[in-house]
Amino acid sequence: MEGIAQTQAAQRPGGMEGFVADWSSDQRAFKNVSWGKAMMWIFLLSDTFVFGCFLLSYMTVRMSTRVPWPNPSEVFALEIFGTHMPLILIAIMTFVLITSSGTMAMAVNCGYRRDRGRTAILLVVTALLGATFVGMQAFEWTKLIHEGVRPWGNPWGAEQFGSAFFMITGFHGTHVTIGVIFLLIVARKVWRGDYDDGRPGFFTSRGGRYEIVEITGLYWHFVDLVWVFIFALFYLW
Amino acid sequence: MAHAAKVGDAHGGHGAAARASVAHEEGQQHPIRLYLVVWVWLFILSTFSYLVDFFHLQGMLRWSLILLFMMLKAGLIVAVFMHMKWERLALGYAILVPPLAVLIFVAIMVLEADHTLLSRLQFFSPNPN
């Protein structure tokens, strides 16, 4: 037994190659979960901490200022057909993002049923809804900047409002934008049949498979998840 | 498990049977109806949270309703849309337990913010008594 173990140890590569091989050799903590999916989850965990810290610093500056905080309900109100609607744009953005999460879930489902056409269409619809969200956010930023909101001040109250707003929504908007780009790339691959014939990706050179749709979906649902927290803690608080 | 995954990865170009078995083993397949039900609930909960603001609810009622709807929505998205409900506990704990550390951070920063506010009130008030 010892002899066999020694032979096996001797056969293993040395140096850096051996270091990588040892750390990646069939030791699998997350059964049923592929490497790609586990890595996406771990990335999302780290991103949770990033957004957690943003929301945390927002809470800290808001709690510690003596100056009244601007009322988000009024700041983000719009006049629609002569009616004053508090927070209406944010509500619409929330519904758009939730709808895109729904179409994403459908796309994952169709992907695993190997329904190539429907998967691609649902992914494109998800990307379009995401782009709509970013567009409305750009409108919101433009409106606020015209009204004089800056990272260092605003006409209504505590100066920290602007920096917290631009930082949090800007970082979230960047995530949505990256998500839209990835959705379009994956949609193209699905449409071309990469995941049916296992065509390798240009970057990873691993065979294409429909699980990639689910992994992209994890990222997209996470973006929606973060918005749930931003909506509650920044806009409604 | 590892073997099946290797088959899927290494022989990507080979027959669909190998990949189909991987998809069966690692993929998540659930009825569309479930997704639609969750989708509708997310809409309902979002509407509720908007109405909290629309009707100008204030005080403890406002905070508790906002946080309740937030946690329900987050739970539905993670459990069903992200399939965490069907993953093994090893993954669930690895991903969902660490964010609890953020709550401790929140507690620390609440104390810190209170201290800062008290200092500001004491030293920067226009009319110190």
Open item on the list: Quick check on region A:87-109. Is at least one of its residues over 24 Å from residue B:36 (Cβ atoms) and surrounded by fewer than 20 Cβ atoms within 10 Å (Cβ to Cβ)?
Closed with: yes
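Residue by residue, here is whether (1) farther than 18 Å from residue A:99 by Cβ; (2) within 18 Å of the chain's Cα centre (by Cα); (3) of a type in the set (Phe, Trp, Tyr) holds:
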{"position": "B:33", "(1), (2), (3)": "no, no, no"}
{"position": "B:40", "(1), (2), (3)": "no, yes, no"}
{"position": "B:45", "(1), (2), (3)": "no, yes, no"}
{"position": "B:53", "(1), (2), (3)": "yes, no, no"}
{"position": "B:59", "(1), (2), (3)": "yes, no, no"}
{"position": "B:64", "(1), (2), (3)": "yes, yes, no"}
{"position": "B:70", "(1), (2), (3)": "yes, yes, no"}
{"position": "B:74", "(1), (2), (3)": "no, yes, no"}
{"position": "B:77", "(1), (2), (3)": "no, yes, no"}
- [ ] Keeping to region B:97-113, report how many residues are in a helix (DSSP H, G or I) and either more than 16 Å from the chain's Cα centre (by Cα) or surrounded by 13 or more Cβ atoms within 10 Å (Cβ to Cβ) (or both).
- [x] 11
TODO: Please determine, by comparing only the residues of region A:35-53 that are among the aromatic types (Phe, Trp, Tyr) and at the interface with chain B (Cβ under 8 Å from one of its Cβ atoms), which one is farthest from residue A:217 (Cα to Cα).
DONE: A:49
- [ ] Being crowded, with 22+ Cβ neighbours inside 10 Å and among the hydrophobic types (A, V, I, L, M, F, W, C) is the filter; apply it to region A:203-214 and report the residue that is nearest to the other protein chains (Cβ to nearest Cβ).
- [x] A:213
TODO: Out of A:92, A:88, report the one residue that is within 13 Å of chain B (Cβ to nearest Cβ), of a type in the set (Val, Ile, Thr) and out of contact with any Leu (no Cβ under 8 Å at 6 or more places or on another chain).
DONE: A:92
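Residue-wise test of (1) at positive phi; (2) modelled with pLDDT under 90.
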{"position": "A:17", "(1), (2)": "no, yes"}
{"position": "A:21", "(1), (2)": "no, yes"}
{"position": "A:32", "(1), (2)": "yes, yes"}
{"position": "A:83", "(1), (2)": "no, yes"}
{"position": "A:101", "(1), (2)": "no, no"}
{"position": "A:106", "(1), (2)": "no, no"}
Task: Unmet requirement for residue A:200, which otherwise passes all of (1) surrounded by 15 or more Cβ atoms within 10 Å (Cβ to Cβ); (2) in contact with a Gly (Cβ under 6 Å, 6 or more places away or on another chain) - done: (1)
- [ ] Just give me the residues in region A:62-81 being part of a helix (DSSP H, G or I), surrounded by fewer than 18 Cβ atoms within 10 Å (Cβ to Cβ) and either more than 8 Å from every other protein chain (Cβ to nearest Cβ) or at pLDDT 90 or above (or both), in sequence order.
- [x] A:62, A:63, A:74
Task: Filtered residue count, region A:216-229, keeping only those that are more than 8 Å from every other protein chain (Cβ to nearest Cβ) and either surrounded by 21 or more Cβ atoms within 10 Å (Cβ to Cβ) or touching an Asp or Glu at 6+ places or on another chain (Cβ under 7 Å) (or both) - done: 5
TODO: Please report, ordered by residue number, the helices (runs of 4 or more DSSP H) entirely within region A:143-237 with at least 2 residues that are at pLDDT 95 or above and under 24 Å from residue B:76 (Cβ atoms).
DONE: A:160-192, A:211-230
- [ ] Return a yes/no flag: does region B:84-96 have any residue that is of a type in the set (Asp, Glu) and either touching a residue at least 60 places away in the same chain (Cβ under 8 Å) or not in a helix (DSSP H, G or I) (or both).
- [x] yes
Open item on the list: Within region B:68-91, take every residue that is surrounded by fewer than 18 Cβ atoms within 10 Å (Cβ to Cβ) and facing chain A (nearest Cβ under 7 Å) and give me the one that is farthest from residue A:38 (Cα to Cα).
Closed with: B:74
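The values are calculated or read from the model by the stated rules, or taken from the named source; none is laboratory data. In this text, all values refer to a predicted model and were calculated from it rather than measured experimentally. All Cβ positions, even for glycine, are placed from backbone atoms using ideal geometry, and neighbour counts span all protein chains on display.
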